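The block underneath contains the structure these notes are about, expressed in structure tokens.
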């Protein structure tokens, strides 16, 4: 049994009741001041754990880059035990991640473009007021040797027509499908009904071992992820991928509108009642209807049903959900066969949150908007595999070199939307798909447990 | 060293993989029997074929006195026979080992169990360390289709077969029947039309 009170809160909890957020970026110039900041935060109970007796009005969580750990004075023999991807950081990994062209680091937003972020501070509020109050008190606590790098990053959930589910800027309900994790019960408040585990040999879903997401526990196949030293530093800690992903909403809408005219001609009996060709095409590219309902369970029209226990095995050719669709790539469930064994080590806990104002339908503007992609994994190989092999490449899904039509890195790629023999709908190929999502910043972070934060604050870390 | 072919367009998709491990005489006998059984009992081969990132897997036993020598080179005095594992794969090294350990661990353990200090396939971390210690990098790689993965080759063959069938069946058809036949063709190859080529550098 693991200790919820020692794990930072936003890993296993979705913070759905904290719709307002702000991300602050810190540089540590003085190790002593950096450590005293951590100590002050811990002593005042400001770092939010996964377990609380009463829901707070605001939550605060911290993560550190490799440079940040070094700036806090972590000895080299400990630093050397961290994984290579983390030591290199996201800028160095840019090419491998598909952050090229306008997504390359030279085009990133500040502070990512020119500064070195040491500490990422994630502050969430149940209300705008609670968020601002927590940000204000946090900023007051900053010692002289720790400075904030501007600009900070406001973010928040938004929904449509007062519905409960939150949306991302292309209009889809987001955050639906996170891993169901062993030992995390729904009763504890951390699990949600839409969470989904990995498929087993019988085609059912089983919960995923905690070790896939938290260091120090067995993961898939009983394997322990490599642990940085000392163990107290890594046990109950994890790694975070933070990416600022800008969504070009007008470009997405224009492309869908243009392609939808041709797509509509592939449907012999016409579109189902109440469904536009744009809705249908966008759903095929995403792999879900905009309201979040599954294309597998509801292939003809959206139903607002958010049941998430569907599988792809009965749709091997992608007649309902295309093989190259975004959600089928990022969590293929049973689509790859072998009882899920070839996909089970590549799951991520996603805690993304949108930034920027939503663009109303039929409007255009020059505002910048997107999603802060936040993913937790017990090794960056999990994220990098998904990004490189499933999002930017397509071989596992019979798509050869074609990438994810929504989030992939290719410019001018293509996607086949398979036909459906039962309805007579013909296959359709989307050509010249622009890159709708550009990377504008980010890095790889270590998320220490509360005990590890106290160890870091003490400055008495020994690797052995 | 070259673990994969490369041409002017980029890196090839097939990565070479060679592991050579020592075995005692008893192990050599057992492994020969096992390989003989695997050769005839197709289940393991079929599973390996279904792992579509796997172009090629081969085990061979090299007796201690059968190692080749250059002209004039004296024969080495070896204490063990050796099991030579040759393969190519598409994708990352770690994923390849993990898929082997998760899907094919039974034949893997049966054959490699007789190699000195083999740690068993699961958990996979000791297996990865074992393989790293015993892996031999390739000096040269050649690939007839460096831009093609196993799935690309299979897809290409299927598209050709379907096209030839279409060419035969659609001759002299009136437009409406030609359209029907064309749609049938498109449906049959719809998931074989991805753009392929070497991995851009």
Set of region A:344-382 residues, backbone N closer than 18 Å to the point 7 Å along the Cα-Cβ line of residue A:311: A:344-345
C-alpha long axis of helix A:31-43 to longest principal axis of chain A, angle in °: 80 degrees
Shape of region A:384-464, Cα gyration tensor, a/c cut at 1.5: prolate
Residue with peak Gaussian network fluctuation, chain B [Cα springs, cutoff 10 Å], from B:156, B:147, B:72: B:72
Length-normalised contact order for chain A - Cα pairs under 8 Å, 6+ apart - percent: 23 percent
Estimated 222 nm signal from helices in chain A, with DSSP H stretches of n ≥ 4 weighted -39500 (n - 2.57), rounded to 500: -5500 deg cm²/dmol
Sites residue A:275 and residue B:133, calculated FRET efficiency, Cβ-Cβ separation with R0 45 Å, nearest 0.05: 0.20
Shielding by partners, peptide A:341-347 (average Cβ within 10 angstrom, other chains): 4
Helix-derived mean residue ellipticity, 222 nm - over chain B, DSSP H n ≥ 4, -39500 (n - 2.57), to 500: -14000 deg cm²/dmol
nm² value of the averaged projected area, convex hull over the Cα atoms of region A:58-131: 6.7 nm²
Tilt relative to chain B, helix B:175-189 - C-alpha long axis, 0 to 90 degrees, to 10: 20 degrees
Net lengthening on full extension, residue A:43/residue A:104 (0.36 nm per residue, minus Cα-Cα): 18.0 nm
Percent RCO, i.e. relative contact order, over region B:40-86, from Cα pairs under 8 Å lying at least 6 residues apart: 42 percent
Between region A:281-324 and region A:346-424, the Cα center-to-center distance that results, in Å: 15 Å
Cα gyration tensor category, rounded, prolate or oblate, for region A:181-252 with a/c compared to 1.5: oblate
Degrees, to the nearest 10: A:249-264 long Cα axis against longest axis of chain A: 20 degrees
Region B:140-201-region A:240-274 distance, computed between alpha-carbon centres (Å): 27 Å
Residues in region A:48-90 reached by a label modelled at residue A:127 [backbone nitrogen below 19 Å; 7 Å Cα→Cβ]: A:54-60
Distance histogram in 10 Å bins (all Cα pairs of region B:150-192, percent per bin): 30, 49, 18, 4
Packing-based exposure ordering (other Cβ within 10 Å, fewest first) of B:168, A:39, A:341: B:168, A:39, A:341
Residues residue A:432 and residue A:31, FRET efficiency given R0 of 56 Å [Cβ-Cβ distance, rounded to 0.05]: 0.60
Mean shadow area of region B:1-67, taken as a quarter of the surface of its Cα convex hull (nm²): 6.5 nm²
Highest-MSF residue in chain B out of B:133, B:43, B:171 [GNM, Cα springs under 10 Å]: B:171
Fewest-first sequence of A:134, A:454 by Cβ atoms within 10 Å of each Cβ: A:454, A:134
Peptide B:94-105, shielding by other chains (average Cβ, 10 Å cutoff): 4
Three-way shape label, region B:4-134, alpha-carbon gyration tensor, a/c 1.5: oblate
The protein assembly as shown: mean projected area of Cα convex hull, nm²: 34.2 nm²
Average Cα contact separation per residue, chain B, under 8 Å, 6 or more apart, as relative contact order %: 34 percent
Separation in nanometres of the label points that stand 7 Å from Cα toward Cβ, at residue B:195 and residue A:265: 2.2 nm
Candidates B:51, B:185, B:108: whichever shows maximal mean-square fluctuation once chain B is modelled as a Gaussian network with Cα springs under 10 Å: B:185
Pairwise FRET efficiency - residue A:159 versus residue A:357, Cβ, R0 = 22 Å, nearest 0.05: 0.95
Inter-chain shielding of B:184-193 (mean C-beta neighbours from other protein chains, 10 Å cut-off): 6
Residue exposure sequence - A:30, A:43, B:102 - by fewest surrounding Cβ within 10 Å: A:43, A:30, B:102
Centre separation in Å (Cα based) which lies between region A:133-183 and region A:86-103: 23 Å
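Rule-based calculations on the coordinates, nothing more; no lab input. Quick caveat, the model's predicted, so the values are computed rather than measured. Cβ atoms come from the backbone with ideal geometry, glycine included; neighbour counts cover every protein chain shown.
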